[in-house]
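Here's the structure, in C-alpha cells; my notes come after.
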Amino acid sequence: MEPTDQTKTNSILLALLVTFLWATSWVLIKWGLSDISPLIFAGIRYFLAFLCLLPFILTKSRREEITKLRGRDWLLLLLLGVLYYALTQGAQFAGLAVLPAMSVSLILSFTSLFVAALGIKTLGEKPSKLQWVGLALNILGACLYFYPVRFPREQWLAVGIVFLGMLGNSVSMVIGRKINRDIHLAPINVTTISMGFGSILLLAAGIIMEAPPKLEFNNWVLIVWLAVVNTALAFTWWNKALQKLEAMEASIINNTIMVQIAVLAWVVLGERMDSLEILGVTLAASGAVLVQLRRKPEAKEIQTEETIA
C-alpha cells in the first residue's frame, strides 16, 4: 500500500531525528576512543543496546510474530546483523580511531550510490530522474565539502577498512528495506534480533583481538547513553521509518549526517566553514530534499505493481 503524504512526512521527520542522534554519536565516539579500543567499544555499546531491547520482544504478541518467521526470514535478519552491526559499525569505530571524522564521513557518504544501484536490481525501486539529480547533488556536495582529501600512507589500511564497511552498509540498507517492507515483523523485533546477532559477533571479535579496557565511571556514562538513546531507541525508530521510505530515500537522509556534523562542529566546537565547504553542505542538503519529492503517478503505479509481484 502506498503511504499517504502525512505518513511519508512523519517517516522522513523520524528518520531525520535519528540521523541527528547518530551525528552526535560521532563526537561522543571520538571522545570514547581515547580510552577504549574500537571493537570492544562498539561491541559493548551494541550488546548493551540489545539487552535493553530484549525484554520488549518477550511479550506474547512479539513472541507470536517471531515464531511465524521462516528460515529465509531468519537468514535475512542474520545477514542484516552481520553486515549492519558487526561489519559496518566495527569498521566505522576502527576508522574513527585512526582517521579524522570528516574522512570517515566522506567515504560513508558514497553509500547512496551503491544503494541506488542495488535497490534497482533487488527491490525493483527505480529512482525518478529528479531523484537521480538529488543523488548527484548529494555526492557532489560531499566531495566539495571534504576537498581536498589527502590520506597519509599509514592511514590507507584504515581507509580500506572504512570502504569495506561502506559496502557492507550499502548491502545492509537494501536488506533492511526488504525486511521492513516484506516481512510482517515489528520494527523493535527487527532491531533486537539483528542487533543481537551483530553485537555478539562484534564483542567476541573485540575480546579476541584487543586488550581488555579499564573503564572509568565517565566511560560507562558515555557507553550507556550511546547504547540506550543513540542505539536502542534510534535504531528502532530507523526501522520504523524504513517501513515507509524506499532504500535510496533512507540512504540520502542518512547522508544528511554529514551536514549535521558540520553544523554541530560550528555550533559546539566553533569550527567555521570556508566558502567551498558551505557550497558543499548546501548542495548535499539540496540533494537530500530533491530525492524526497513525489514521483509522477505513473511511476508510483509501476512501483506498486512491482512490490506486489
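Some observations on this one:
- Residue that is surrounded by the most Cβ atoms within 10 Å (Cβ to Cβ) [pool: residues in the stretch 183-212 that are of a type in the set (Gly, Ala, Ser) and at pLDDT 90 or above]: Gly198
- Residue list for the stretch 135-144, filter: within 14 Å of Val115 (Cα to Cα) and crowded, with 23+ Cβ neighbours inside 10 Å: Leu135, Asn138
- Residue in the stretch 215-231 that is crowded, with 16+ Cβ neighbours inside 10 Å, within 16 Å of the chain's Cα centre (by Cα), among the polar types (S, T, N, Q) and under 20 Å from Thr67 (Cα atoms) present: no
- Selection over the stretch 170-201 of residues that are over 22 Å from Leu53 (Cα atoms) and polar (S, T, N, Q) gives a count of 1.
- Candidates Thr67, Thr111 - the one that is more than 24 Å from Ala204 (Cβ to Cβ) and modelled with pLDDT under 80: Thr111
- Helices (runs of 4 or more DSSP H) contained entirely in the stretch 199-285, each with at least 3 residues that are in contact with a strand residue (DSSP E or B) (Cβ under 8 Å, 6 or more places away or on another chain) and not basic (Lys, Arg): none
- Unique match (being within 12 Å of Ile193 (Cα to Cα) and in a helix (DSSP H, G or I)) among Phe56, Phe20: Phe56
- Qualifying position, being within 19 Å of Asn169 (Cβ to Cβ) and assigned to a helix (DSSP H, G or I), among Ser11, Ser112: Ser112
- Residues that are in contact with a Leu (Cβ under 8 Å, 6 or more places away or on another chain) and either at pLDDT below 80 or not in a helix (DSSP H, G or I) (or both) within the stretch 144-177 comprise Tyr145, Phe146, Tyr147, Val149, Phe151, Arg177, listed in sequence order.
- You will find that of Ile29, Ile36, Ile66, the residue that is in a helix (DSSP H, G or I), crowded, with 19+ Cβ neighbours inside 10 Å and touching a residue at least 40 places away in the same chain (Cβ under 8 Å) is Ile29 and no other.
- Flag for Lys126 being more than 13 Å from Leu167 (Cα to Cα) and either assigned to a helix (DSSP H, G or I) or modelled with pLDDT of 90 or more (or both): no
- Residue match in the stretch 2-13 (condition: of a type outside the set (A, V, I, L, M, F, W, C) and modelled with pLDDT of 90 or more): no
The values are calculated or read from the model by the stated rules, or taken from the named source; none is laboratory data. The structure presented is a predicted model; accordingly, all values stated were derived computationally and were not measured. Cβ: placed from backbone, ideal geometry, glycine included. Neighbour counts: every protein chain shown.
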